[in-house]
Amino acid sequence: MLSVSDLHVSVGAAEILKGLTLSVPAGEVHAIMGPNGAGKSTLSYALTGREGYEATQGAVTLEGRDLLAMTPEERAAAGLFLSFQYPLEIPGVPTMTFLKAALNAQAKARGEPELGATEILKRVRARAGELRISAEMLKRPLNVGFSGGEKKRMEILQMMVLEPRFAILDETDSGLDIDALRIVADGVNALRAPDRAMLVITHYQRLLDYIRPDKVHVLVSGRIVDTGGPELALRLEKEGYDKYLAAA
C-alpha cells in the first residue's frame, strides 16, 4: 500500500532522511522505533507534505499513486492521515464543526456527496462513545483546554471518523497514562482492516503491548537499519540503540 524508496529529506540545510526505504502492505500495522533525532517525525511530516520538509531524492507511492507529487490536501483526500505528536489547538472552532468540515471536504475532493448534519452527528457520537469522549467535549473548541490524554483521544476520534486508507500515528502514546493508553489503543485496533494499513511511530515498547505490529523497523540516522517482528521491540527495550548508533 505504502512504498518508500531511497527517500532523502532535508529541513533547511540539514539532510535528515538519508536514503530511507520502507514498504507497508495493506492490512498490516508496522512500527518504527529509534532514538531521538533519528528522523521519525521527519518521515511522518515528509509523507504528509508539511511545508519545509523537502524530499530531494527518492520515491513514495500510496496505492500506486505518486505521493510526493500531491499537495497535502490531495494526500488527505487520497486517504492519508497523521495523528500529531503535539495536537494543535484551534480556538473558536467547535470540535463537531471541525469534523463536519473535514468529512465533507474529503467527500468533495473525492467527488462523493456531502454528508448531512444528522448523519455526521450519529457517526461522531458512536465513535466518541468508544473513546469515552463526552458530548460536552465535542462542543468545545478543538483541543482548547484539553489535557494531553484528551487531545490524543481526540486525534484517534478524528481517525475513526475519517476512516483513512493509511494512518500514521506519531508518538500517540506520549503523555498518556495507562488507562488513556488502553482507550487509544482500542480505538486504533478497531480500525484494523484488510484494506487499511498503519504506521506507528514510538520510542517505547509499551504501546506495542496494546497495538501489536506485524513488523518493527529500527530507524537510526535517517535510515532503516533493522527490521523484525514484535520481538525486536522487546529486545530494543532491554538493549537500547547503542549497537545501531555505533554502526551508524
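The values are calculated or read from the model by the stated rules, or taken from the named source; none is laboratory data. All values derive from a computational prediction rather than experimental measurement. Positions of Cβ are generated from backbone atoms using ideal geometry, with glycine treated the same way; all protein chains shown enter the neighbour counts.
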TODO: For T118, indicate whether it is within 25 Å of H217 (Cβ to Cβ) and not aliphatic (A, V, I, L, M).
DONE: no
Open item on the list: Show me the helices (runs of 4 or more DSSP H) found entirely inside segment 133-193 where at least 1 residues are acidic (D, E), more than 17 Å from the chain's Cα centre (by Cα) and more than 30 Å from S3 (Cα to Cα).
Closed with: 135-139, 178-190
- [ ] Select from segment 193-239 the residues that are within 20 Å of T48 (Cα to Cα) and surrounded by 14 or more Cβ atoms within 10 Å (Cβ to Cβ) and list them in ascending order.
- [x] R196, A197, M198, L199, V200, I201, T202, H217, L219, G222, R223, I224
Task: Total residues in segment 17-66, condition acidic (D, E), under 16 Å from L80 (Cα atoms) and either touching a helix residue (DSSP H, G or I) at 6+ places or on another chain (Cβ under 7 Å) or assigned to a strand (DSSP E or B) (or both) - done: 1
Task: Residues (exposed (fewer than 13 other Cβ atoms within 10 Å of the Cβ) and among the β-branched types (V, I, T)) located in segment 104-160 - done: T118
- [ ] Evaluate segment 81-99: report whether one residue or more is out of contact with any His (no Cβ under 9 Å at 6 or more places or on another chain), more than 28 Å from P213 (Cα to Cα), of a type in the set (S, T, N, Q) and buried (at least 20 other Cβ atoms within 10 Å of the Cβ).
- [x] yes
- [ ] Those residues that are out of contact with any strand residue (DSSP E or B) (no Cβ under 8 Å at 6 or more places or on another chain) and among the basic types (K, R), I need them from segment 176-231; list them, please.
- [x] R182, R206
- [ ] For segment 194-233, enumerate the residues that are assigned to a strand (DSSP E or B) and either more than 20 Å from E28 (Cα to Cα) or of a type in the set (A, V, I, L, M) (or both).
- [x] A197, M198, L199, V200, I201, V216, V218, L219, V220, R223, I224, V225
TODO: Output the qualifying pairs, or none if there are none: Cβ atoms under 7 angstrom, residues six or more apart or on different chains, first residue in segment 188-199 and without any contact (Cβ under 8 Å) to a residue 24 or more places away in the chain, second residue of a type in the set (A, V, I, L, M) and part of a loop (DSSP other than H, G, I, E, B).
DONE: N189/I211
Open item on the list: Tell me yes or no: at least one residue of segment 24-34 is within 18 Å of L199 (Cβ to Cβ) and of a type in the set (D, E).
Closed with: yes
Task: Number of positions in segment 164-181 that are at pLDDT 90 or above and either among the charged types (D, E, K, R) or at positive phi (or both) - done: 1
- [ ] Filter segment 18-66 for residues that are on the phi > 0 side of the Ramachandran plot and in contact with a Pro (Cβ under 6 Å, 6 or more places away or on another chain) and give the result.
- [x] G27, G49
- [ ] Scan segment 111-125 and give yes if some residue there is closer than 21 Å to I156 by Cα, over 17 Å from the mean Cα position of the chain (by Cα) and among the acidic types (D, E), otherwise no.
- [x] yes
- [ ] Please tell me if R127 is out of contact with any Ser or Thr (no Cβ under 7 Å at 6 or more places or on another chain), closer than 22 Å to A31 by Cβ and modelled with pLDDT of 85 or more.
- [x] no
Task: Residues located in segment 169-187, provided they are over 16 Å from L199 (Cβ atoms) and without any contact (Cβ under 8 Å) to a residue 40 or more places away in the chain - done: G175, L176, D177, I178, D179, A180, L181, R182
Open item on the list: Among the numbered criteria (1) charged (D, E, K, R); (2) over 24 Å from V200 (Cβ atoms); (3) assigned to a helix (DSSP H, G or I), which one does R127 miss?
Closed with: (2)
